Amino acid sequence: MLVHFRERIGTDLINQINLDMVKTQDKKKKSEEEKKRKFRRNQRG
């Protein structure tokens, strides 16, 4: 029977993943805020 040992994920990789996640969430948040602003502008007439 063969056993595979997985390589440990380094802290650099985890930090990079976290940074990418934060950037993605920030972009989504800004996009949603912009949509709300545009909607409000259109509602004013």
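Taking the Cα centre of the chain as origin, sum charge times position over the Cβ atoms of Lys and Arg (+1) and Asp and Glu (-1), and report the length of that vector in debye to the nearest 20.
Details: 14 positive and 7 negative charges, 143 e Å.
Computed charge dipole of the chain: roughly 680 debye.
If a paramagnetic tag sat 7 Å from the Cα of Lys35 along the Cα-Cβ line, which residues of segment 1-24 would have the backbone N under 17 Å from that point?
Inside the label zone: 24.
Debye calculation, C-alpha points only, no solvent: report log10 I(q)/I(0) for the chain at q = 0.18, 0.24 Å⁻¹, in the same order as the q values.
Per q value, in the given order, log10 I(q)/I(0) is -0.69, -0.84.
Report, to the nearest 10°, how far helix 11-44 tilts away from the longest principal axis of the Cα atoms in the chain, using its own Cα long axis and a range of 0 to 90°.
That helix lies at roughly 10 degrees to the long axis.
None of the figures in this text is laboratory data; all of them are computed from the coordinates on show. Just so it is clear, the structure is predicted and the values come from calculations on it, not from any experiment. Positions of Cβ are generated from backbone atoms using ideal geometry, with glycine treated the same way; all protein chains shown enter the neighbour counts.
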